[in-house]
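Below is one structure, written out as structure tokens, with a few remarks after it.
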Amino acid sequence: MVVIAAIAADLGSQLLASSSSTAATPVDVPRGEHRGVRSERRAAPDSAVPDGTTVFDDRIPGVANLDPTLLGALRRAAADAADDGVEFYVDSGWRSPEYQEQLLHEAVSKYGSAEEAARWVATPSTSAHVSGDAVDIGPSAATAWLSEHGAEYGLCQIYSNEPWHYELRPEATVHGCPPTYADPTHDPRMQQ
Ligand SMILES: [Zn+2]
């Protein structure tokens, strides 16, 4: 929290003015936005996945460092989705703590406050991406397929505001996915 406060104090004053109009565009996923951000980076972190990455790309650290059980479920789902003519792409998978910190810093800049940024981007210590337990899937045809079939594989949407963000909930294969949180600030795991 000290880091967030420092970032907020640093950036808050000049950026607050732009915060209200950007709330609908998440930092977490849209490829176009990521691409734009990437091109301005001094050095792209190795956990930022290249465009066109699939759940089968073992050489991409963002994929290879995912929890093996999550990755197995994703691959089974992706194979079955392919039979339905739907392709899965990984927009973001495992992230290094440094990359997560960078995303958080960018989110504070974009949303104008640490509080608003927290609705979209977790800290390195709380992010399920950093622990390898979350994946952001695209495009919308893939997330539509997952919202219908994901529970059969234990793959669940966790946050209402992030239809692309999936985590493994093994019990979902029996009971279905648990209710979603409105956004990450409602997730008890984020209260640290
Ligand atoms: Zn995510």
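The values are calculated or read from the model by the stated rules, or taken from the named source; none is laboratory data. What you are looking at is a predicted structure, and each value in this text was computed from that prediction instead of being measured. Every residue, glycine among them, receives a Cβ derived from its backbone with ideal geometry; neighbour counts consider all protein chains shown. Calculation scope for accessible area: heavy atoms of the full protein, side chains included, ligands and nucleic acids excluded. Shrake-Rupley method; radii C 1.70, N 1.55, O 1.52, S 1.80 Å.
Take the range 74-181 with all the other protein chains still there, run a 1.4 Å probe, and you get 39 Å² of accessible area per residue. Quote the FRET efficiency, to the nearest 0.05, computed for His149 versus Ala182 with a Förster distance R0 of 25 Å and r equal to the Cβ-Cβ distance. Once rounded, the FRET efficiency stands at 0.60. Projecting the Cα positions of Leu146, Thr53, Ala134 onto the charge dipole of the range 44-148 (unit charges on Cβ atoms of Lys, Arg, Asp and Glu, taken about the Cα centre) puts Ala134 furthest along the positive direction. Evaluated over the Cα positions of the range 75-180, the convex hull gives a direction-averaged projected area, one quarter of its surface, of 6.7 nm².
For the range 144-192 versus the range 56-130, the inter-centroid distance based on Cα atoms is 14 Å. With kT/(6 pi eta Rh) evaluated at 25 °C and eta = 0.890 mPa s, and Rh the Kirkwood radius from Cα pairs, the range 106-145 diffuses with a coefficient of 210 µm²/s according to Stokes-Einstein. Working note: Debye formula, equal point scatterers on the alpha-carbon atoms of the range 40-111, no solvent; log10 I(q)/I(0) at q = 0.17, 0.18, 0.20, 0.28 Å⁻¹ is -0.69, -0.75, -0.86, -1.25. Each residue of the range 149-192 gets 69 Å³ once the volume of the Cα convex hull is shared out per residue.
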